[in-house]
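What follows is a short report on a single structure.
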Amino acid sequence: MSGKKRNVGQAREYAILTAEISKAAFDMTPSQYKKFKGLKRENLRDHMDDLELIFSMLGEASTTEIAKNKDAQGFGENKQAAKEGGAVAGSARKDLEIKSGEKVTKPKNYLPKQKKELR
């Protein structure tokens, strides 16, 4: 989602939009998701497995497509697009969970926790 074309620019606004996508896709904000995985400063995406990444990317791509096609302008319209885009991913995730019998979101981390180097 290009912020300049959509009149969204501040880092705080991007963080809110990202949180909206995540809430709709995973029923958790990124900070809640990090806590769920037991992460502190680590990058959440680095600790997602393939399905978690796919549904995250689906939410983002869906949001971009919705915002572009509706010519969303400003924070309010883009926030609505983020909710709708995240909901596309959330619906797909829930459908897979029902059909597979397993949750997509897992507390297990994809990457092993980094061991602190002794200096």
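The values are calculated or read from the model by the stated rules, or taken from the named source; none is laboratory data. None of these values were measured; they are calculated from a predicted model. Using ideal geometry, Cβ is built from the backbone for each residue, glycine included, and neighbour counts are taken over all protein chains shown.
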Identify, by number, the condition in (1) of a type outside the set (Gly, Ala, Ser); (2) surrounded by 13 or more Cβ atoms within 10 Å (Cβ to Cβ); (3) over 16 Å from Lys108 (Cβ atoms) that Lys37 doesn't meet. (3)
At pLDDT 95 or above, of a type in the set (Ser, Thr, Tyr) and more than 11 Å from the chain's Cα centre (by Cα): is that true of Thr64 in this structure? yes
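The rows are residues; the columns are (1) polar (S, T, N, Q); (2) closer than 13 Å to Ile21 by Cβ; (3) in contact (Cβ under 8 Å) with a residue 24 or more places away in the chain.
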residue: Arg41; (1), (2), (3): no, no, no
residue: Leu44; (1), (2), (3): no, yes, no
residue: Leu58; (1), (2), (3): no, yes, yes
residue: Thr64; (1), (2), (3): yes, yes, yes
residue: Gly74; (1), (2), (3): no, no, yes
residue: Leu96; (1), (2), (3): no, no, yes
Just name the residue that is modelled with the highest pLDDT out of those in region 1-34 that are buried (at least 16 other Cβ atoms within 10 Å of the Cβ) and of a type in the set (Asp, Glu). Glu20
Within region 40-78, take every residue that is of a type in the set (A, V, I, L, M) and touching a helix residue (DSSP H, G or I) at 6+ places or on another chain (Cβ under 6 Å) and give me the one that is surrounded by the fewest Cβ atoms within 10 Å (Cβ to Cβ). Leu44
